[in-house]
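Chemist: The structure follows.
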Amino acid sequence: MVKIDPLAAKLSSDAYLGFDFGNKKIGVAVGYAGSGIASPLQTIRSLNQVPDWSRIGQLIAEWRPAGLVVGISRQADGSDNVVTPRMQKFCRQLHGRYNLPVHQIDEALTTFAAKQMLFDELQLSATKLWAVQDQLAAQLILQSWFDR
């Protein structure tokens, strides 16, 4: 019988990382295209509105994703809002730094939905909510990309 390395899943080429970009924090999720299931991973803090590229690089080296998925915020009519250009810049930087496909998807209030789930259903305190809402939003972004 062949013994399977428990870390082999991290080396799978169908892994994807999802990002919920914010000026202060970036939520990160991981998922596999084969299973179509995304899970929250962590929240990365930005310093002076600059992403922690070192930490993002560590996650990419650890998970070896086939691609990256970034939620893009837009107005209800589909036009850009004030944050959209920064999100698109983040996408260009991800692609330029890591040479991976970067897929954009409408985030359609994922942070709001994440807050509602955490506060209403789990009744988390504001402090705990602040710490995990972005990674849950990243999970919702990645999950919606898988579901398309």
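Chemist: Between Leu47 and His95, 0.36 nm times their residue separation minus their Cα-Cα distance comes to what? Display every interim value, and only then the final one.
Modeler: On the way: separation 48, 0.36 × 48 = 17.28 nm, distance 2.06 nm.
Extra length from Leu47 to His95 when fully extended: 15.2 nm.
Chemist: Turning to a different aspect of this structure: On the principal axes of its Cα set, how long, how wide and how thick is the stretch 9-66? Give whole Å, largest value first.
Modeler: 37, 19, 13
Values quoted throughout were computed directly from the atomic coordinates according to the rules given, and no laboratory measurement underlies them. The structure presented is a predicted model; accordingly, all values stated were derived computationally and were not measured.
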